[in-house]
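The values are calculated or read from the model by the stated rules, or taken from the named source; none is laboratory data. Source: prediction; values computed, not measured. Quick reminder, even Gly has a Cβ in these numbers, built from the backbone with ideal geometry, and neighbours come from all protein chains shown. The protein model used for the area step is the full one, side chains on, heavy atoms only, and it has no ligands, DNA or RNA in it. Shrake-Rupley method; radii C 1.70, N 1.55, O 1.52, S 1.80 Å.
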Amino acid sequence: QHQHQHQHQHQHQQHGRVSVVARATTGRVSVGDAAPEFELLAGGFQQVKLSDYEGKKLVLAFFPCCFSGAVDDGCQCQLESLKTLTDAGVSVLGVSRDQPFTQKAWMDKIGNPSLLTLSDFNLDVSEEYVGTFNFGAFLDGLGVSKGLTGYLTSNRGTIAINEEGKIVYKWIALDDAGKSHPGFLPDIEEVKKALGV
């Protein structure tokens, strides 16, 4: 009986580990929460804090990867679509785990001087706001890469924060089964509505 129990425990642990991989983490914050402070480096090693934007409407655009091209259907589209927000006077920060050298080249490519992109290299801010997923496994599954499983990135997600520092909108790219899938893009009109723009 002891052996059976041990076996059951082992299976449970296995199951626990598998379910963690399959389950989408979607961040700890919710609409209505005060946005938690953070400090990250933008491209070109510029320090950026959430509190720099106190009293302003702010959108955080989390994306998996700079320069990922067509493989995930849209980091570039996602960031270029934010121009309608910056044109309307909303502050926008892009966030991914790429390091500041890459973020600088990425900002140059996007070509929107009002949009800074930040390096969340240890994914702490992503975990807090929108959660992370196994982008490497996603790319391996598409046949784009082999052996990249385990490379975690931010989910694609959008957070809108009002002038009082409250989260008024949260969206994460998930498929019908509730799993992270970067092939979906946020609805910018919904973001504008939530911010009253």
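Points to keep in mind about this one:
- Of all residues in the range 91-115 being of a type in the set (Val, Ile, Thr) and under 16 Å from ASP52 (Cβ atoms), the one that is surrounded by the most Cβ atoms within 10 Å (Cβ to Cβ): VAL95
- Count of the range 182-191 residues which are open to solvent by 60 Å² or more (accessible area, probe 1.4 Å) and either within 20 Å of VAL125 (Cβ to Cβ) or touching a helix residue (DSSP H, G or I) at 6+ places or on another chain (Cβ under 8 Å) (or both): 1
- Leading residue by the ranking (most open to solvent (accessible area, probe 1.4 Å)) among those in the range 121-149 that are β-branched (Val, Ile, Thr), assigned to a loop (DSSP other than H, G, I, E, B) and in contact (Cβ under 8 Å) with a residue 24 or more places away in the chain: VAL144
- Single residue of ALA160, ALA88, ALA173, ALA194 found to be closer than 26 Å to ASP33 by Cβ, exposed (fewer than 14 other Cβ atoms within 10 Å of the Cβ), in contact (Cβ under 8 Å) with a residue 12 or more places away in the chain and not charged (D, E, K, R): ALA88
- Scanning the range 113-142 for residues that are within 30 Å of ALA88 (Cα to Cα), touching a strand residue (DSSP E or B) at 6+ places or on another chain (Cβ under 8 Å) and either modelled with pLDDT under 90 or not small (Gly, Ala, Ser) (or both) gives LEU115, LEU116, THR117, LEU118, ASP120, LEU123, VAL125, TYR129, VAL130, THR132.
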